[in-house]
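The structure appears right after this line, and notes come after that.
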Amino acid sequence: MPPSKVVLRFPAAIADKPIIYRLVKDYDLMINILKANINPHKEGMMVLEVTGERVKEGLDYLHRQGVAVQPLTEEIIRNEERCTHCGACTAICPTGALHFERPSMLVRFDGEACVVCQLCVRACPMRAMEVRF
C-alpha cells in the first residue's frame with residue numbers, strides 16, 4: 001500500500017501521550033516523521049508519512065484520541081522558467097528535496113522528499129518555488 005502523508009494537530013492535553021508508539025505497536029504501521037513541532041503543555045503538529053495495511057484504523061484511533069487528522073493536500077512546485085539555479089533554496093531545505101546535481105550544479109527538486117515546510121518559497125529570490133493547494 002502506498003504511503004499516505006497526513007498532518008496531525010493535537011491539543012496540549014495529549015501532547016505527552018505515546019500516540020505514535022500506539023500507531024506502530026497496535027496497528028502495525030510504519031511511520032516516517034517528516035516534520036514535527038511538539039512542546040509540552042502546548043498544541044502540537046506533525047507531518048507523517050504512514051504506510052501499512054491498517055492505516056484507516058490507525059487514523060480512526062487518532063480521531064478518537066482528539067487528534068485532528070488532515071491529508072497533506074498542499075504541495076510545492078518549482079517554476080522551471082523562473083529558476084536560475086542560484087541554490088538559495090538548497091541551503092534552507094531540511095529534507096534535501098532541493099539539491100544540486102553534480103557535476104552540472106543544476107538545482108533539482110524531489111517532490112516526494114518535500115514536507116511542504118515552505119522555507120524554499122520564502123528563500124527563493126526569483127519566486128520559482130510555489131505552493132499549490
Pairing a residue in the stretch 55-74 that is over 16 Å from K25 (Cβ atoms) with any residue that is part of a helix (DSSP H, G or I), where Cβ atoms lie under 7 Å and the two sit 6 or more apart in sequence or on different chains, gives G66/I14; V67/I19; V69/L59; V69/L62; V69/H63
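Would you confirm whether or not the stretch 92-106 contains a residue that is aromatic (F, W, Y) and assigned by TED's automatic domain parsing to the domain that holds A12? Explain how you work it out, then say what you get.
So the first thing to find is which residues in the stretch 92-106 are aromatic (F, W, Y), and the list is 100.
Add one more test, that the residue is assigned by TED's automatic domain parsing to the domain that holds A12, and what stays is none.
No, because not a single residue in the stretch 92-106 is aromatic (F, W, Y) and assigned by TED's automatic domain parsing to the domain that holds A12.
I'm trying to understand the selection: among the residues of the stretch 42-90, which are assigned to a helix (DSSP H, G or I) and more than 14 Å from L106 (Cα to Cα)? First the steps, then the outcome.
To start, the set of residues in the stretch 42-90 that are assigned to a helix (DSSP H, G or I) comprises 55-64, 88-90.
Residues satisfying the conditions are V55, K56, E57, G58, L59, D60, Y61, L62, H63, R64.
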Tally time: how many residues in the stretch 91-133 are within 26 Å of S4 (Cβ to Cβ), assigned to a loop (DSSP other than H, G, I, E, B) and aliphatic (A, V, I, L, M)? 4
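Can you work out which of the residues in the stretch 15-37 that are of a type in the set (A, V, I, L, M) and loosely packed, with under 14 Cβ neighbours inside 10 Å is farthest from V116 (Cα to Cα)?
Going through the stretch 15-37, the residues of a type in the set (A, V, I, L, M) turn out to be 15, 19-20, 23-24, 29-31, 33-34, 36.
Filter again for loosely packed, with under 14 Cβ neighbours inside 10 Å, leaving 30, 33, 36.
Details: M30: 20, I33: 13, A36: 12 Å.
Filtering the stretch 15-37 for residues that are of a type in the set (A, V, I, L, M) and loosely packed, with under 14 Cβ neighbours inside 10 Å, the one farthest from V116 (Cα to Cα) comes out as M30.
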If you go through the stretch 32-43 one residue at a time, do you hit one that is on the phi > 0 side of the Ramachandran plot and in the same structural domain as L119 (by TED's automatic domain parsing)? no
Looking only at the stretch 84-120, how many residues end up being at pLDDT 95 or above, surrounded by fewer than 18 Cβ atoms within 10 Å (Cβ to Cβ) and among the β-branched types (V, I, T)? 1
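The values are calculated or read from the model by the stated rules, or taken from the named source; none is laboratory data. What you see is a predicted model, and the numbers here were worked out from it, not measured in a lab. Every residue, glycine among them, receives a Cβ derived from its backbone with ideal geometry; neighbour counts consider all protein chains shown.
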